[in-house]
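Peer 1: Here it is, the structure, as structure tokens.
The values are calculated or read from the model by the stated rules, or taken from the named source; none is laboratory data. In this text, all values refer to a predicted model and were calculated from it rather than measured experimentally. Don't worry about glycine lacking a Cβ; one is built from the backbone with ideal geometry, like all the others, and counts go over all protein chains shown.
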Amino acid sequence: MFALSKTIGWSQFRLLATGLFFSLLIGCGFSLRGNIEIPVEAQSLWLVIEDQSSSQNSPLQKHFKALAEQNNLHIASDADYQIIVTSVNFRRISTTITSDAKVDEYTLRGELSFDILDPDEQVIASNLEAFSERTFQYDANDAAASNSREAFLNAELWSDLSQQILRQYAARLRIK
């Protein structure tokens with residue numbers, strides 16, 4: 001290796017080594033977190049949330065749309081495939097209580113069920129589920145920071161649920 005670096009020069013060796021490293025990463029199937037491989041014919045889809053009257057403003061809709069845009073998917077009401085969210089359950093649970101009966105720790109839990117429909121509105125997969133949970137400590141002395149932390153974890157939870165939906169969608173369409 002020392003002889004190789006003397007014959008081609010140190011900067012050229014580093015360039016060659018970097019190129020080899022990235023070729024290996026690409027060859028092994030490495031992709032950035034959040035990127036989901038979806039077949040070309042299924043890249044047009046629509047998310048419907050049945051049990052919410054204002055589903056366009058729901059955090060699930062917002063995070064799913066952002067994830068879809070990140071993966072270059074086309075979201076439209078006239079899309080070929082549909083994801084129908086049949087139930088959404090979000091809870092904030094008191095996990096632990098201090099000795100003076102104040103809440104010390106909360107758990108945010110999100111659960112949902114959904115179906116996938118094909119272009120003929122036939123069910124490809126039904127009763128699929130996604131579940132995510134985040135736990136955080138509440139500090140009454142710094143309520144603003146605790147509220148900010150809760151908002152961050154809430155957004156992270158909805159983003160995780162959106163990724164689970166899209167990954168299950170991609171897996172079902174690869175199997176089909």
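Peer 1: Quick one: would you say residue 108 is part of a strand (DSSP E or B), touching a Leu at 6+ places or on another chain (Cβ under 8 Å) and either in the same structural domain as residue 49 (by TED's automatic domain parsing) or over 19 Å from residue 51 (Cβ atoms) (or both)?
Peer 2: So residue 108 passes the test.
Peer 1: Over 27 Å from residue 46 (Cβ atoms) and modelled with pLDDT of 90 or more, is that true of residue 105?
Peer 2: No, not satisfied.
Peer 1: Another question about this same structure. Taking the conditions exactly as written (among the basic types (Lys, Arg), under 15 Å from the mean Cα position of the chain (by Cα) and part of a strand (DSSP E or B)), does residue 134 satisfy them or not?
Peer 2: Taking the combined requirement at face value, the residue satisfies it.
Peer 1: Could you please find all residues in the stretch 7-22 being of a type outside the set (A, V, I, L, M, F, W, C) and modelled with pLDDT of 80 or more?
Peer 2: The answer is 12, 14, 18, 19.
Peer 1: OK, next. Answer yes or no: is there a residue in the stretch 141-154 that is within 30 Å of residue 48 (Cβ to Cβ), among the hydrophobic types (A, V, I, L, M, F, W, C) and surrounded by 12 or more Cβ atoms within 10 Å (Cβ to Cβ).
Peer 2: yes
Peer 1: Another question, if that's okay. If you scan the stretch 98-112, which residues turn out to be among the hydroxyl-bearing types (Ser, Thr, Tyr) and buried (at least 16 other Cβ atoms within 10 Å of the Cβ)?
Peer 2: Answer for the stretch 98-112, where residues must be among the hydroxyl-bearing types (Ser, Thr, Tyr) and buried (at least 16 other Cβ atoms within 10 Å of the Cβ): just 106.
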